[in-house]
Structure formats: C-alpha cells, structure tokens
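Okay, structure first, notes after.
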Amino acid sequence: MPIRFSFHSLAMVAAALLTLVATPLVAQDAPAEPDAEITASDQNVTVDPIAPDLRIGARIADILAATGWYDALDVRVENGIVFLNGTAGSEAQKAWARDLANKTDGVVAVVNQIEIAAEIDWNFDPAVKELRRLVESSAAALPVLLLALVVLPLAWYIAHLVARLMRWVFARRISSPFLRSIVARAISFPVFLIGLYIVLQVAGLTQLALSLVGGAGILGIVIGFAFRDIAENFLASLLLSVQRPFKRGDFIKVDGQQGVVKSMTTRSTLLISVEGNHIQIPNATIFKSTIENFTADAQRRGDFVIGVGYDAVISDVQQIILAVLQDHQAVLNDPPPMALIDNLGASTVNMRVYYWFDGHAYSSLKIKSALLRMIMGALSEAGVSMPDEAREVIFPQGVPFIKMDDAAPGAAPSPAPSTASPTAPAKPAAPMLSEAEQDLTAETQDIESQTVLDKQDASEDLLGNGGG
C-alpha cells in the first residue's frame with residue numbers, strides 16, 4: 001500500500017525537527033551556575049564557510065555572554081586575530097574563553113586580555129577553624145606544659161645544690177674562687193640538662209632539641225667572632241686562675257707597666273703603681289706578655305754602684321763594704337753579699353755591691369738608701385776618697401805648692417800636708433736607720449692601701465683571699 005504524506009503531516013515533522021535542533025541552542029544560551037564545572041568541547045565552533053571578522057566576533061561574544069561569567073565583555077576580531085577584553089571571576093573562566101576562541105573557525109590567533117576580578121571574601125570560617133585547631137593542640141600539650149613547670153625548676157634547684165656542694169668540696173683544693181665556680185658549674189650543668197631532656201622526650205621534641213643545640217652552636221660561633229676580645233679576655237682570666245702567676249699584693253711588671261696587684265676580673269687586672277695610679281691591663285695582654293713578679297719569692301737581690309778614688313786600696317774598700325753589709329739586719333748572709341769592681345771610670349774605681357734581702361718584709365728602696373748612707377760613712381771614716389768624676393781630680397802624692405818669691409833656685413818643692421789627719425778624732429758610726437728612712441718595711445701594703453675597691457669590683461674579683 002503506498003505511503004502518502006499530506007502537507008499537514010510534513011509541516012508537523014518539520015516542526016518537530018526544528019524543536020529538536022533548537023533545544024540545545026537554548027540550553028547553551030542559559031546562564032551557568034557560579035560553581036558549575038568548566039569544560040570545553042573538542043569540536044570546533046563553526047560559522048559560515050567564508051566568515052568575515054565581524055561574524056566571528058559576534059559568534060564568540062554571544063557564546064561568552066550566554067555563560068554570564070564575564071563583565072564588560074568586548075570581543076574584537078582583526079584579520080582573524082581575536083582580542084578578548086573584560087573581567088572574569090577566575091583563571092579557569094579566563095582560560096575557557098581563550099580555548100573557545102581558538103576552536104572557532106577562521107581564528108588565526110587569540111590575544112586574551114581578560115582580567116581576573118579581585119573578590120573580597122568575608123568568610124570567617126577558616127579563621128575559626130584555625131583557632132579551634134590551636135585550642136585543641138594547646139589542650140593536648142597542657143600535660144607536657146605542667147610536667148615542664150614541675151621538672152625544670154626541680155632540675156634547676158638540684159643543679160644549684162650540686163654547685164654549692166662542689167664549691168664546698170673544692171674549697172681547699174682550688175684557692176681561686178673564679179676557677180672553683182667554673183668547676184662547680186661544669187659539674188652541675190648536666191643535672192639541669194637531664195631535666196630538660198626528660199621534658200623534651202615526653203613532649204616528643206627530641207629532634208627539635210637537637211636542632212636548637214645545632215643552632216645555638218652556630219649562634220655561639222657568630223657571637224664569638226663578634227665579641228672576640230671579650231671571649232679572649234675571659235679565657236685568659238680562666239687560664240691565669242689555673243696557672244696563678246701572681247696573687248693579690250704581688251709587685252709585678254708586665255707589658256712595660258709595674259705595680260701592686262689589686263684585683264683581677266674576667267676582663268682585666270688592676271695594678272696600683274708606686275705613684276698611686278690605677279693601671280688596667282687586659283687579661284689577654286697579660287697572658288701573652290712576659291710577667292716579672294718581684295715578690296713571688298721572698299728572697300730578692302739588690303745592687304748599687306759606688307765609686308772610690310784610684311788612691312784607695314781596693315781590698316780594704318771591699319772589706320769595709322762587706323763589714324757594713326754583714327752587720328745590717330735586713331741583709332741576708334746566705335747567699336753572702338759581694339763587693340766587686342764593675343768598671344774603671346775617669347777618676348773613680350766603680351764598685352758594684354750585691355746583697356740579698358727578704359722582699360716580703362723589707363723595702364728594696366729603703367734598704368738601698370740605708371746601705372748607701374752607711375757605706376759612705378764607713379768609707380769616709382776610713383779616709384777613702386770618693387771623688388766626683390765631673391769636678392774633682394785626686395793627686396795621691398799631694399799637690400806641690402811653691403812660693404816664687406821665697407823659693408831658692410833649684411830647691412826641691414816640699415810635699416803638701418796630707419789631707420787625712422791620723423790624730424783626728426774618730427767619727428761616730430752611721431746609724432742603721434735614719435729619720436728620713438723611718439723603717440725598712442716593704443711599701444707594698446702602703447701602695448695597696450691607697451685604693452679601695454667598690455662593691456661591684458670586689459664581687460667580680462677573681463683573686464679571692466690570696467688566690468691567683
């Protein structure tokens with residue numbers, strides 16, 4: 001039976017086909033939801049086979065406008081090059097517009113100038129979540145914190161007791177209070193480290209502790225370079241406390257300066273010069289310099305030079321000088337004193353006198369003054385001349401005096417009378433002490449008493465009560 005189509009049936013079929021074709025186009029033009037997934041089709045967007053720039057731009061603009069994602073949209077096409085301008089909500093929307101333009105027939109290139117709109121999000125949910133997480137972590141760490149508050153003070157207190165015990169143990173073995181304190185702290189410090197390790201181990205922060213120790217080591221190196229002089233003086237004071245080259249009250253000479261040691265801190269050593277001046281010398285300088293300690297040993301040797309005339313009998317002069325030295329209370333007989341010829345001057349024979357004395361009990365300056373005065377008196381009493389090299393010349397046989405008017409021609413001159421009178425009364429012996437010399441005690445205490453340390457210097461003094 002032949003199939004017949006009426007005009008009305010053909011019209012209905014055409015309408016149905018148009019409906020099916022128009023349905024996806026309407027769906028495409030509908031605005032998308034803000035959170036819709038952005039996808040791109042692999043198929044190209046077709047226009048008329050011969051598409052002018054105007055129609056390409058219109059086609060792309062219609063599709064982008066249908067999404068509702070773009071503001072101030074402007075699509076311009078020149079010679080197949082698409083220029084996209086406007087504002088998008090995200091990078092994905094900007095990339096989607098670029099890909100769409102690239103897939104359109106007749107497009108040579110795309111210049112995507114779409115900008116991303118900066119949105120201000122006033123949502124406090126992330127902050128609240130972070131705050132809640134912080135509170136929960138703090139609550140979880142509360143037992144460890146309580147343990148630290150108990151263990152660390154207890155460890156510090158035990159370390160303090162150990163340090164005091166070590167100071168008492170080493171009180172008689174180590175005389176320097178500074179060195180004794182360093183040893184006590186070195187022994188007690190591991191006690192505190194044990195308590196700190198327990199807290200970190202319970203908290204599970206052992207690796208953090210190792211990192212902090214490593215960082216502290218690096219920081220210590222940096223600080224050591226920055227404060228090199230301070231560290232050098234501190235180490236020098238520690239080594240001086242161990243070696244003890246001097247103690248308080250010693251008269252020393254170092255780096256061209258001399259004086260009585262008053263105190264030593266971790267930075268410098270204080271000397272009191274014989275003029276009463278304060279001399280601060282860095283400990284590093286003292287440690288690296290030659291130290292001459294005049295009072296380290298009680299026995300000290302003094303010497304001086306005295307000149308006698310060429311007419312004197314040197315052996316007799318030596319006996320006179322030695323007799324004076326042996327009779328003096330401050331001069332030691334062991335080692336014995338000596339009087340030796342030092343050199344021959346222009347008009348004198350210079351004798352150098354050597355003697356030993358107790359440097360802790362007697363002053364070298366006062367002993368020298370007393371011995372010179374007594375030897376000069378003894379030589380004058382014995383008729384020994386002591387001429388001045390610059391102004392006096394001795395004639396052993398006397399100077400002949402001839403009166404020209406009374407002297408006969410060829411007469412021998414008569415000798416001048418001798419200057420020493422054998423019948424002259426003997427002079428009293430020179431006293432051992434004079435009023436100017438007062439006593440012969442050492443002036444170290446007098447120099448040291450010229451200054452008083454303040455409380456800060458006294459607390460920092462490393463010499464202690466006789467330590468060095």
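Going by average Cβ neighbours within 10 Å, how do the peptides 139-152, 316-329 rank, with the highest at the top? The partial results should precede the final answer.
Values: 139-152: 12.5, 316-329: 17.2.
The most tightly packed comes first, giving 316-329, 139-152.
Taking the accessible area of the range 68-146, probe 1.4 Å, and keeping the other protein chains in place, the carbon and sulfur fraction comes to 58%.
Normalised per residue, the accessible area of the range 249-350 is 48 Å², obtained with a 1.4 Å probe and no contribution from ligands, DNA or RNA.
Other residues within the sphere of radius under 14 Å centred on the Cβ of His160, judged by their own Cβ, net out at +3 (K and R +1, D and E -1). Computed with a 1.4 Å probe over protein heavy atoms only, the accessible surface of the range 72-177 comes to 69 Å² per residue. The packing ranking of peptides 65-77, 156-168, highest mean first, is 65-77, 156-168, where packing means the average number of other beta carbon atoms within 10 angstrom of each residue.
Under the simplified labelling scheme, the Leu154-Leu134 pair shows an inter-label distance of 3.2 nm, with each label point 7 Å from Cα along Cα→Cβ. Packing-based ranking of 178-187, 334-343 yields 178-187, 334-343, ordered from highest to lowest mean Cβ neighbour count within 10 Å.
By accessible area of protein heavy atoms, probe 1.4 Å, what ranking do Lys366, Lys253 get, highest first? Write out the running numbers ahead of the final one.
Values: Lys366 45, Lys253 85 Å².
In descending accessible area the options line up as Lys253, Lys366.
The charge dipole of the range 245-362, taken about its Cα centre with unit charges on the Cβ atoms of Lys, Arg (+1), Asp and Glu (-1) only, comes to about 720 debye.
The values are calculated or read from the model by the stated rules, or taken from the named source; none is laboratory data. Everything numeric here is computed off the predicted structure, so don't read it as measured data. Cβ sites come from the backbone with ideal geometry, for glycine too, and all protein chains shown count toward neighbours. For accessibility, only protein heavy atoms count, side chains too; no ligands or nucleic acids. Shrake-Rupley method; radii C 1.70, N 1.55, O 1.52, S 1.80 Å.
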